[in-house]
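J.: First, the structure itself, so that you have it in front of you.
Quick note: the coordinates plus some simple rules give every number you see, no bench work behind them. Just so you know, these numbers come straight off a predicted model, no measurement behind them. Here the Cβ positions follow ideal geometry from the backbone for every residue, glycine too, while neighbour counts run over all protein chains shown.
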Amino acid sequence: MKPRIGITVGDPAGIGPEIAVCAALSPEVRAVCDPVLFGPRALLERVFPLVKGRVAPGSALGDLRLRPDLDGWGKLAVPFGAVSADSGRISYACLQSAVTAVLAHEIDAIATAPINKESLKAAGVSQVGHTEILASLVGLPENAGLTMFDTLGLRVFFFTRHVSLKKAVSLIKRDELLAFFRRCSRALGLLGVRGSMAVAGLNPHCGEHGLFGGEEGREIEPAVALARAEGIDVEGPVGADSVFHLAKEGRFAAVLSLYHDQGHIACKTLDFLRTVSLTLDLPFLRCSVDHGTAFDIAGTGAADPTSMVQAVLAAARYSSVPR
Ligand SMILES: [Zn+2]
């Protein structure tokens with residue numbers, strides 16, 4: 001049986017519904033999974049005329065599988081391109097419905113279109129983004145999710161994300177790294193990925209034995225040694241200028257990047273539109289585009305659905321792994 005992938009439409013004032021419909025009607029997507037859209041019917045109907053030319057010829061609205069529990073939200077007037085409490089409420093309701101469905105095993109994984117943080121705030125949602133909302137919906141702490149990027153099979157985890165570079169460097173400590181290695185190793189195992197993980201160096205040439213930077217010798221190498229003693233397949237640190245290339249060539253199953261831009265630059269330079277963000281360590285798999293709501297082009301039919309399609313394909317691929 002093909003995996004059933006729930007696609008949440010995101011903020012209805014943005015490009016989310018348009019790219020969600022494109023993805024759900026993409027022949028590539030339908031070949032590997034059964035897509036189910038989580039969005040109010042009226043708001044999907046309004047974007048349907050925009051998707052022609054980007055979906056299989058002859059596609060009809062009736063080809064989409066929708067969730068009737070969200071249809072009531074379609075009565076709200078949500079103009080394209082504007083922040084509003086109503087569009088925040090709708091994005092939240094779609095996520096809630098998808099989480100309920102995935103926990104009830106009615107779908108196998110979730111792929112999310114972009115939401116607007118300001119609209120969510122206007123709707124009174126206290127969590128700042130998808131990962132925090134999803135964690136709170138299943139009763140976990142807001143920071144429970146573990147992010148992994150997948151760009152054409154290059155997999156990257158992030159030891160730190162939205163902190164300053166200075167702060168990120170100060171957070172590189174042996175015991176925290178060890179805990180992170182354990183988490184990444186377990187997450188990869190659940191995704192059915194085998195092979196060794198490589199931790200990227202922090203300093204140029206991994207500090208050249210302390211000539212320019214001591215974090216490698218002081219924190220990273222001891223953490224790797226401890227992890228290996230536990231049987232965790234992690235290597236490094238490997239110079240950050242070559243580790244991503246080596247992983248792309250298949251030498252490593254994943255790269256453990258130490259700060260936000262280190263991993264982002266590698267993935268997004270390799271292929272910006274095919275960079276998919278996975279949230280792991282939740283009771284279900286969630287894959288996401290890594291772009292925003294693009295309010296400036298919402299409602300014009302100019303949105304590129306490539307990222308959304310890739311997110312759904314990744315959800316299908318990784319949720320097909322027997323657990
Ligand atoms: Zn970021």
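J.: Applying the Karplus parametrisation 6.51 cos²θ - 1.76 cosθ + 1.60 with θ = phi - 60° to the phi angles of the range 35-40, what ³J(HN,Hα) value in whole Hz is obtained for each residue in order, glycine and proline being reported as x?
T.: Ordered by residue, 3J(HN,Hα) equals x, 10, 8, 10, x, x Hz.
J.: Hey, another quick one. Ala113: net charge of surrounding residues, Cβ under 13 Å, Lys/Arg +1, Asp/Glu -1, itself excluded?
T.: Net charge in that neighbourhood comes out at -3.
J.: Also: Once a ≥ b ≥ c are taken as the square roots of the eigenvalues of the Cα gyration tensor of the range 15-137, is the result rounded (a/c under 1.5), prolate (a/b larger than b/c) or oblate (a/b not larger than b/c)?
T.: oblate
J.: So what are the ³J(HN,Hα) numbers for the range 266-271, from phi and the Karplus equation (6.51, -1.76, 1.60; θ = phi - 60°), rounded to whole Hz, Gly and Pro as x?
T.: Values, residue by residue: 4, 5, 6, 6, 4, 6 Hz.
J.: Related question: For the chain, with the dipole built from +1 on Lys and Arg beta-carbon atoms and -1 on Asp and Glu ones, taken about the Cα centre, which of Val309, Pro68, Phe284 lies farthest toward the positive end?
T.: Pro68
J.: Under a Cβ-Cβ cut-off of 13 Å, what is the net charge of the residues other than Arg54 that fall near it, where Lys and Arg count +1 and Asp and Glu count -1?
T.: -2
J.: Additional query: Shape verdict for the chain, please, from the Cα gyration tensor: rounded (a/c under 1.5), prolate (a/b greater than b/c) or oblate.
T.: Because a/c hits 1.5 or more and a/b exceeds b/c, the chain counts as prolate.
J.: GNM on the chain, C-alpha springs below 10 Å: top fluctuator among Glu106, Glu230, Glu142?
T.: Glu230
J.: Further question: So what is the relative contact order of the chain, in percent, for Cα pairs below 8 Å that sit 6 or more residues apart?
T.: Working: 659 pairs, mean separation 82.8, N = 323.
That works out to 26 percent.
J.: Next question, about the same structure. Per-residue HN-Hα couplings for the range 70-87, Karplus 6.51 cos²θ - 1.76 cosθ + 1.60 at θ = phi - 60°, whole Hz, x for Gly and Pro?
T.: Rounded to whole hertz, the list is 9, 4, x, 5, x, 6, 6, 8, 10, x, 5, x, 10, 6, 7, 4, 5, 5.
J.: Still on this structure, I have one more. Just how large is the dipole of the chain about the Cα centre, in debye to the nearest 20, putting +1 at every Lys and Arg Cβ and -1 at every Asp and Glu Cβ?
T.: Roughly 480 debye for the chain.
J.: Also, quick follow-up: Whole angstrom only: what separates the Cα centroid of the range 74-101 from the Cα centroid of the range 203-278?
T.: Their Cα centres are 38 Å away from one another.
J.: Quick one: of the DSSP bridges fully inside the chain, what percent are antiparallel, nearest 5?
T.: 35 percent
J.: Please name whichever of Gly58, Phe149, Gly299 sits farthest to the positive end of the charge dipole of the chain, dipole taken about the Cα centre and charges placed at Cβ: Lys and Arg +1, Asp and Glu -1.
T.: After comparing all options, I get Gly58.
J.: For a quick check: sort Thr293, Thr147, Thr131, Thr112 by the number of other beta carbons within 10 angstrom, fewest at the front. Present the calculation step by step, with values, prior to reporting the outcome.
T.: On the way: Thr293 27, Thr147 18, Thr131 23, Thr112 30.
Ranking Thr293, Thr147, Thr131, Thr112 by Cβ neighbours within 10 Å, fewest first, gives Thr147, Thr131, Thr293, Thr112.
J.: Would you work out the charge dipole size for the range 20-132 about its Cα centre, treating the Cβ of every Lys and Arg as +1 and the Cβ of every Asp and Glu as -1, and quote it to the nearest 20 debye?
T.: For the range 20-132, the charge dipole is close to 320 debye.
J.: For the residues Val243, Val128, Val156, what sequence is obtained by ranking on other C-beta atoms within 10 Å, fewest first?
T.: Val128, Val156, Val243
J.: With +1 on the Cβ of every Lys and Arg and -1 on the Cβ of every Asp and Glu, and nothing else charged, how large is the dipole of the range 127-265 about its Cα centre, in debye rounded to the nearest 20? Before the final figure, lay out each step's value.
T.: Numbers: 14 positive and 16 negative charges, 47 e Å.
I would put it at about 220 debye.
J.: Which of Ser84, Ser242, Ser91, Ser257 comes first, and how do the rest follow, when ranked by fewest Cβ neighbours within 10 Å?
T.: With the sparsest Cβ surroundings first, the list reads Ser242, Ser84, Ser257, Ser91.
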